[in-house]
Amino acid sequence: MSEKLKYWTDDLESGNPVIDQQHRKLVKWTEYLKTADHVPPEEIQKVLDFIQGFIHTHFTDEEIFLIDIEYPGSQEHTELHSAIRNRFVAVKKQAAELMDPKQVNDLIYSVFHSYVSHIRDCDMKYNEYYKAHGAHKN
Ligand SMILES: [Fe+2]
Ligand SMILES: [Fe+2]
């Protein structure tokens, strides 16, 4: 796995070290899946279980952080997380039915790619708020 994160740029830093470390991991896995030929078939469900747990932890940590900093869009942001969680459950089922490892890899990659888009398009909104209003509260 490459150490240099092509998708990561410094403007993605929130200033919350726990959240930033989780985001970096998500970006790292996305880049790994982009370059990996495929995840070995016997590893797929294990990988998906692990990702599901990680995402659950990350979303929960982030939602608590948004409440702590009194982010006005926290309810809306939590709903976006719920939609992603639901999509993940659907993808997990789909992955179990696909036979072609390359298709499975592409499917998992598409989920990761949507997380990275979520960081860039949605998490950055609370980042801006935190930098402008909330940094003194933590
Ligand atoms: Fe996030
Ligand atoms: Fe988020």
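From the list Asp37, Asp10, Asp49, Asp61, exactly one residue is within 20 Å of Ser114 (Cα to Cα) and within 14 Å of ligand 2 (Cβ to nearest atom). Which is it? Full working, then the answer.
Details: Asp37 fails: within 14 Å of ligand 2 (Cβ to nearest atom); Asp10 fails: within 14 Å of ligand 2 (Cβ to nearest atom); Asp49 fails: within 14 Å of ligand 2 (Cβ to nearest atom).
On inspection, the qualifying residue turns out to be Asp61.
Restricting the first residue to the range 101-129 and requiring it to be crowded, with 16+ Cβ neighbours inside 10 Å, which pairs with a second residue that is part of a helix (DSSP H, G or I) and aromatic (Phe, Trp, Tyr) meet a Cβ separation below 7 Å and a spacing of at least six or different chains?
So the pair list comes out as Val111/Phe88; Phe112/Trp29.
Tell me which residues, restricted to the range 11-67, are touching a Ser or Thr at 6+ places or on another chain (Cβ under 8 Å) and without any contact (Cβ under 8 Å) to a residue 12 or more places away in the chain.
Correct list: Asp20, Ile67.
How many residues are small (Gly, Ala, Ser), in contact with a helix residue (DSSP H, G or I) (Cβ under 7 Å, 6 or more places away or on another chain) and within 16 Å of ligand 2 (Cβ to nearest atom) if we restrict to the range 82-113?
So the count comes out to 0.
Condition check: closer than 24 Å to Asp10 by Cα and open to solvent by 20 Å² or more (accessible area, probe 1.4 Å). Does Asp37 satisfy that?
No.
Inspect the range 72-82 for any residue being open to solvent by 40 Å² or more (accessible area, probe 1.4 Å), in contact (Cβ under 8 Å) with a residue 12 or more places away in the chain and outside any helix (DSSP H, G or I) and give the result as yes or no.
For the range 72-82, residues open to solvent by 40 Å² or more (accessible area, probe 1.4 Å), in contact (Cβ under 8 Å) with a residue 12 or more places away in the chain and outside any helix (DSSP H, G or I): present.
Check Arg24 against each of (1) closer than 25 Å to Asp10 by Cβ; (2) open to solvent by less than 50 Å² (accessible area, probe 1.4 Å); (3) not hydrophobic (A, V, I, L, M, F, W, C) and name the one condition it does not meet.
Of the numbered conditions (1) closer than 25 Å to Asp10 by Cβ; (2) open to solvent by less than 50 Å² (accessible area, probe 1.4 Å); (3) not hydrophobic (A, V, I, L, M, F, W, C), the odd one out for Arg24 is (2).
With the requirement that a residue be touching a helix residue (DSSP H, G or I) at 6+ places or on another chain (Cβ under 6 Å) and over 16 Å from Leu66 (Cα atoms), what does the range 114-129 give you?
Answer for the range 114-129, where residues must be touching a helix residue (DSSP H, G or I) at 6+ places or on another chain (Cβ under 6 Å) and over 16 Å from Leu66 (Cα atoms): Tyr115, Val116.
For the list (1) within 17 Å of His113 (Cα to Cα); (2) part of a helix (DSSP H, G or I), I need the number of the one condition that Glu42 fails.
That leaves (1) as the condition not met.
Could we say that Gly53 is over 18 Å from Asp121 (Cβ atoms) and among the small types (Gly, Ala, Ser) here?
It is true that Gly53 is over 18 Å from Asp121 (Cβ atoms) and among the small types (Gly, Ala, Ser).
Return yes or no: is Ala95 open to solvent by 40 Å² or more (accessible area, probe 1.4 Å), assigned to a helix (DSSP H, G or I) and among the hydrophobic types (A, V, I, L, M, F, W, C)?
Spelling it out, it is not the case that Ala95 is open to solvent by 40 Å² or more (accessible area, probe 1.4 Å), assigned to a helix (DSSP H, G or I) and among the hydrophobic types (A, V, I, L, M, F, W, C).
The values are calculated or read from the model by the stated rules, or taken from the named source; none is laboratory data. These numbers were taken from a predicted model, which means no experiment stands behind them. Glycine also receives a Cβ, built like all others from the backbone with ideal geometry; neighbour counts cover every protein chain displayed. When the accessible area is computed, the model is the full protein with side chains, heavy atoms only, and any ligands, DNA or RNA have been set aside. Shrake-Rupley method; radii C 1.70, N 1.55, O 1.52, S 1.80 Å.
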